[in-house]
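The values are calculated or read from the model by the stated rules, or taken from the named source; none is laboratory data. These numbers were taken from a predicted model, which means no experiment stands behind them. Cβ placement follows ideal geometry from the backbone for every residue including glycine, while neighbour counts extend to all protein chains displayed. Ligands, DNA and RNA are stripped out before the accessible areas are found, and what is left, the full protein with its side chains, is counted by its heavy atoms. Shrake-Rupley method; radii C 1.70, N 1.55, O 1.52, S 1.80 Å.
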Amino acid sequence: MQPSPIYDITPHTLIDYEGKNAAIVWFAGCPLRCVYCHNPHILKADGTITEQEALEFLCGRKDWTEGVVLSGGECCMYDGLPQFCEKLKESGFAVKIDTSGIRPKSALEIARERLADTIALDFKAPKEMFETITGAAAFNLFERTLKGLLDLEFDFSVRTTVYSDYINESTVSKMSDMLFDMGYGGVYTVQKAVTSVPTVGNLPHGGKTFTPSLVDSKLKVRFLGF
């Protein structure tokens, strides 16, 4: 019997899909162990909701729901994600993917076939820090996804979560330069890590001060939570 892929559904959000009333579908499991991750309960969890149950729930709320955010965990680890996206599109929903980019095949298939409307790509850290932040030597997979989305001219955004004991203003400036040099021209979102709840790395609340004005970037940077 096929295991249920979905951990939970948030029925309503106004902040996770810009400009839309949306629901969030949380996929169980993720191969990364990002030190600041505040969803540790999802990383090794089994799913409890089937695709069909999720579709029935979402379609029952179509009067209130314009878009669906597919998140996790890492939603792109689910082999059936492209087909699930297609079903959501056929049901009339706008679809947004949240991904770390570590499964390029899935993310790029969805982008190539326009099975999602937009993708939010998490830029975890520069190459030399990637394994320290995520617990995985997977920077090349993220980079392949980034290059692929640029080549496809697909609508996507890039964001970085900052816990400033690890990633400081100089590091963010370097990451911004990399994006610019590769041809990314969109908004770069830099968001403060949530440490008021348990995290994978058991990080102390707060961390060092991060000063957004010290970030040097050729891109438009949006700072959240600072």
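By how many degrees, between 0 and 90 and to the nearest 10, does the Cα long axis of helix 169-182 differ from the longest principal axis of the chain?
60
Using Cα atoms only, what is the angle between the long axis of helix 81-90 and the major principal axis of the chain, expressed in degrees (0 to 90) to the nearest 10?
60
Take the Cα radius of gyration of the stretch 108-226 and divide it by 2.2 N^0.38 Å, with N its residue count; two decimals is plenty. Mind dumping the intermediate values first?
On the way: Rg = 14.6 Å, N = 119, 2.2 N^0.38 = 13.5 Å.
Ratio of Rg to 2.2 N^0.38 Å for the stretch 108-226: 1.08.
Let me check I have the definition right: for the chain, take the eigenvalues of the Cα gyration tensor, multiply each by 5, take square roots. What are those semi-axes in whole Å, largest first?
Details: eigenvalues 157, 78, 57 Å².
Values for the chain, descending: 28, 20, 17 Å.
When N is the residue count of the stretch 1-41, what does its C-alpha Rg come to as a fraction of 2.2 N^0.38 Å?
Values: Rg = 12.9 Å, N = 41, 2.2 N^0.38 = 9.0 Å.
The value comes to 1.43.
Local charge sum around Lys174 (other residues, Cβ-Cβ under 11 Å, Lys/Arg +1, Asp/Glu -1)?
Value of the local net charge: -4.
Please state the charge dipole magnitude for the chain, taken about the Cα centre, from unit charges on C-beta atoms (+1 on K and R, -1 on D and E), reported in debye and rounded to the nearest 20.
Around 420 debye, computed over the chain.
Please work out whether the stretch 62-110 counts as rounded, prolate or oblate from its C-alpha gyration tensor, where a ≥ b ≥ c are the square roots of the eigenvalues and a/c under 1.5 means rounded, while otherwise a/b larger than b/c means prolate and anything else oblate?
Values: a/c = 2.62, a/b = 1.77, b/c = 1.48.
Prolate, since a/c reaches 1.5 and a/b exceeds b/c.
Determine the dipole magnitude for the stretch 79-203: charges of +1 sit on the beta-carbon of Lys and Arg, -1 on that of Asp and Glu, nothing else is charged, the reference point is the Cα centre, and the result goes in debye to the nearest 20.
Details: 14 positive and 18 negative charges, 31 e Å.
Its charge dipole is roughly 160 debye.
Grab the other residues whose beta carbon is less than 14 angstrom from that of Phe226, score K and R as +1, D and E as -1, and report the net.
On the way: positive: Arg159, Lys192, Lys208, Arg222; negative: Glu169.
Net of charged neighbours comes to +3.
Cα atoms only, the stretch 93-137: Rg and Dmax in Å?
Rg then Dmax for the stretch 93-137, in Å: 12.4, 39.
Among DSSP beta bridges lying fully in the stretch 8-127, give the percent that are antiparallel, nearest 5. List each step's numbers first, then the result.
On the way: 4 of 18 bridges.
Counting DSSP beta bridges with both partners in the stretch 8-127, the antiparallel share is about 20 percent.
Quick one: of Lys44/Lys124; Lys62/Lys89; Lys20/Lys62; Lys124/Lys174; Lys96/Lys192; Lys105/Lys147, which pairs are farther than 18 Å apart, Cα to Cα? Kindly include the intermediate steps, with their values, before the conclusion.
Values: Lys44/Lys124 20 Å; Lys62/Lys89 12 Å; Lys20/Lys62 12 Å; Lys124/Lys174 13 Å; Lys96/Lys192 21 Å; Lys105/Lys147 12 Å.
Listed pairs above 18 Å: Lys44/Lys124; Lys96/Lys192.
Give, as a single signed number, the net charge of other residues whose beta carbon lies under 14 Å from the beta carbon of Glu18, with Lys and Arg counted +1 and Asp and Glu -1.
Working: positive: Lys20, Lys96, Arg159, Arg222; negative: Asp16, Glu66, Asp98, Asp117, Asp155.
Summing Lys/Arg as +1 and Asp/Glu as -1 gives -1.
Which chymotrypsin sites (Phe, Trp or Tyr not before Pro) in the stretch 1-89 pass both tests, a DSSP loop state and at most 14 other beta-carbon atoms within 10 Å?
Details: sites: Tyr7, Tyr17, Trp26, Phe27, Tyr36, Phe57, Trp64, Tyr78, Phe84; in loops: Tyr17, Tyr36, Trp64, Tyr78.
Here the sparse-neighbourhood loop sites are Trp64.
What do you get for the angle between helix 139-152 and the principal long axis of the chain? Use alpha-carbon atoms, 0 to 90 degrees, nearest ten.
Between the helix axis and the principal axis of the chain, the angle is about 70 degrees.
So what is the relative contact order for the stretch 113-171, in percent, with contacts set as C-alpha pairs under 8 Å and at least six apart? List each step's numbers first, then the result.
Details: 46 pairs, mean separation 27.1, N = 59.
Taking the mean separation of contacting Cα pairs over the length of the stretch 113-171, I get 46 percent.
Could you pull the Cα extents of the stretch 170-226 along its three principal axes, largest to smallest, in whole Å?
Per principal axis, max minus min of the Cα coordinates gives 36, 22, 16 Å.
State in Å² the accessible area per residue of the stretch 64-127; use a 1.4 Å probe, count heavy atoms of protein chains only, and round to the nearest integer. Working shown, then result.
Details: 2220 Å² over 64 residues.
Here the per-residue accessible area is 35 Å².
Project the alpha carbons of the stretch 9-85 onto their principal axes and report the range along each, largest first, in whole Å.
That works out to 37, 26, 19 Å along the principal axes.
Residue farthest toward the positive end of the dipole of the stretch 3-52, with Cβ of Lys/Arg at +1 and Asp/Glu at -1: which of Asn39, Thr13, Ala23?
Asn39
If you average the C-alpha positions of the stretch 63-140 and of the stretch 175-225 separately, how far apart do those two centres end up, in angstrom?
For the stretch 63-140 versus the stretch 175-225, the Cα centre distance is 20 Å.
Of all the accessible heavy-atom surface of the chain, with the other protein chains kept in place and a 1.4 Å probe, what percent is carbon and sulfur? Could you put the intermediate results ahead of the total?
Numbers: 5320 of 10970 Å².
Within the chain, the accessible surface is 48 percent carbon and sulfur.
State the antiparallel share, in %, of DSSP beta bridges confined to the chain, rounding to the nearest 5. Write down the numbers at each step before the final one.
Working: 6 of 33 bridges.
If I count the DSSP bridges inside the chain, around 20 percent turn out antiparallel.
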